[in-house]
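Enquirer: Before I ask anything, here is the structure I am working with.
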Amino acid sequence: MKRILSSVRDGRGFDIALVAFPLIFLFVMAGLPLIYNVVMSFQEVDMFSLGTFSRPFVGFKNYTDLFALPETWPILRNTAIFVIGSIAGQFLIGFGLALFFWVNFPGASWLRGLFLVSWVMPGLVVGAIWNWILSGDFGVLNFILKESGIISGNIFWRSDPHYSLYAVIIANVWLGTAFNMILLSVGLSSIPGDLYEAAELDGANAWQRFWTITLPMMRSTIGAIVALGLIFTLQQFDLFAAITSGGPNNSSNVTQYWAWDLSFRQYDFAKGATISVIMIVFVMIASVVYVRSTRHEVRG
């Protein structure tokens, strides 16, 4: 023990201590709950056995029972639509804004800063704002669509099963667009301007320069953004709680909200843990994609 303390004081073990303390913190605060959740998904859990770790082992029964439920596949379909719609909307709008602000015009920095407001706002606050915007009776979105002649009557975005999921997608796209814009702007700024000058001298137009220079040079950045978008979208809970609460009739319910509902409303902690484990698998896949996408940037 004295030798360890001496090495830390002399500086030889200081680097080890710098790594050890964060790893211990992560293991206690993230690793142990993760392990506990995985173990719970293979056990029979109820209100009386929740406080103990020793519970009946049921194998994959929770998984088979979960996929036997009639609402499982519609909720998985909703999750896929929510993830794909959110990532596509955030990326396309964010890329368009990044290209727009890439042209350095007066006031671009100030205008870019305004778009960051949505990113720094808490999800519940964003949900409250979009509750007002998407209101069927006095919502701003219905007013704009009616004045534009796109619709003739009010759309009840939050309570209509045909629109409730898309209402949350719209809010989530607005919430995450600024994050995509910032990362894509960084990727665009790292592309050497000489490449565009050479391509322009060779007669390439703007569209050809975009397809042959911008997109290939942005490949690692785009991969990282898609991976992070998948992780953040699967973590999105606040908007569902604030806008639709997964309804009506599970029409806007997704796995992350369903896991919370099963655990803390229906007190079926085993199935809630089972859904979380399934989500962890997809998050780990996205994490691998993210690491592989940024490996080239780390190596320089």
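Enquirer: Report the calculated FRET efficiency for ILE278 and THR212 (r = Cβ-Cβ distance, R0 = 35 Å), to the nearest 0.05.
Expert: 0.30
Enquirer: While we're here: Which of ALA273, ALA241, ALA227 moves most in a GNM of the chain, Cα contacts under 10 Å?
Expert: Fluctuation is largest for ALA241.
Enquirer: Name the long-range amide H neighbours of GLN43: under 5 Å, sequence gap of 5 or more, or other chain; modelled H, no Pro or chain starts.
Expert: It is VAL58, by chain and number.
Enquirer: Can you pull the accessible area of TRP211 for me, 1.4 Å probe, Å² to the nearest 10?
Expert: Surface accessible to solvent at TRP211 totals approximately 130 Å².
Enquirer: For region 202-300, what does the equivalent ellipsoid look like in terms of its semi-axes, each the square root of 5 times an eigenvalue of the Cα gyration tensor, given largest first in whole Å?
Expert: Semi-axes, largest first: 39, 18, 8 Å.
Enquirer: Ok, one more. What are the residues whose amide H is under 5 Å from the amide H of ASP268, where those residues sit 5 or more places off or on another chain and H is modelled from the backbone?
Expert: Amide H to amide H, under 5 Å and 5 or more residues apart or across chains, ASP268 pairs with SER263.
Enquirer: Rounded to whole Å, give me the distance from the Cα center of region 222-243 to that of region 119-173.
Expert: Using only Cα atoms to place each centre, the spacing works out to 19 Å.
Enquirer: What shape does region 25-83 have by the C-alpha gyration tensor, where a ≥ b ≥ c are the square roots of the eigenvalues, rounded means a/c under 1.5, and otherwise prolate means a/b greater than b/c and oblate the rest?
Expert: oblate
Enquirer: Give the relative contact order (percent, whole number) for the chain; include only Cα pairs under 8 Å separated by 6+ residues.
Expert: Numbers: 322 pairs, mean separation 77.4, N = 300.
Normalised by residue count, the contact order of the chain is 26 percent.
Enquirer: Taking all protein chains as present, what is the carbon and sulfur share of the accessible area of region 71-167, in % to the nearest whole number, probe 1.4 Å?
Expert: Roughly 72 percent, rounded to a whole number.
Enquirer: Mind telling me which of ILE151, ILE84, ILE275 comes out most flexible in a GNM of the chain, alpha-carbon contacts under 10 Å?
Expert: Sorting by GNM fluctuation, first place goes to ILE151.
Enquirer: For region 54-138, take every pair of Cα atoms, bin their distances at 10 Å starting from 0, and report each bin as a whole percent.
Expert: Using 10 Å bins, I get a P(r) of 12, 23, 28, 19, 12, 6, 1 for region 54-138.
Enquirer: If each residue of separation counts as 0.36 nm, what is the full-extension length gain between PHE25 and ILE84 once their alpha-carbon separation is subtracted?
Expert: 17.9 nm
Enquirer: Among GLN43, GLN266, GLN256, whose mean-square fluctuation peaks in a Gaussian network model of the chain (Cα, cutoff 10 Å)?
Expert: GLN266
Enquirer: Would you mind computing, in nm to one decimal, how far apart the modelled labels at TYR267 and MET121 are, each placed 7 Å from Cα along Cα→Cβ?
Expert: Each label point lies 7 Å from its Cα, and together they span 3.8 nm.
Enquirer: In nm, give the distance between the simple-model label positions of ASN205 and ASN249, each being 7 Å from the Cα along the Cα-to-Cβ direction.
Expert: Label at ASN205, label at ASN249, 5.0 nm between them.
Enquirer: Going by a ≥ b ≥ c, the root eigenvalues of the Cα gyration tensor, does region 45-200 fall in the rounded group (a/c under 1.5), the prolate group (a/b larger than b/c) or the oblate group?
Expert: Cα axes put region 45-200 in the oblate bin.
Enquirer: Need one value: the accessible area of LYS271 in square angstrom, 1.4 angstrom probe, rounded to the nearest 10.
Expert: 30 Å²
Enquirer: Additional query: Sum -39500 (n - 2.57) across every DSSP H segment of at least 4 residues in the chain, then divide by the residue count to get the 222 nm mean residue ellipticity, nearest 500.
Expert: -21500 deg cm²/dmol
Enquirer: Full extension from SER287 to TRP110: what is 0.36 nm times the residue separation minus their Cα-Cα distance, to one decimal in nm?
Expert: 60.4 nm
Enquirer: How many percent of the alpha carbon pairs in the chain exceed a separation of 31 Å?
Expert: Of all Cα-Cα distances in the chain, 47 percent exceed 31 Å.
Enquirer: On full extension of the chain, what length is gained from THR72 through ASP160, given 0.36 nm per residue of separation minus the C-alpha to C-alpha distance?
Expert: Using 0.36 nm per residue and subtracting the Cα-Cα distance, I get 29.6 nm.
The values are calculated or read from the model by the stated rules, or taken from the named source; none is laboratory data. Keep in mind it's a predicted model, so treat the numbers as computed, not measured. With ideal geometry, Cβ positions are generated from the backbone for all residues, glycine too; neighbour counts draw on all protein chains shown. Protein only, heavy atoms only, side chains kept; ligands, DNA and RNA dropped before computing areas. Shrake-Rupley method; radii C 1.70, N 1.55, O 1.52, S 1.80 Å.
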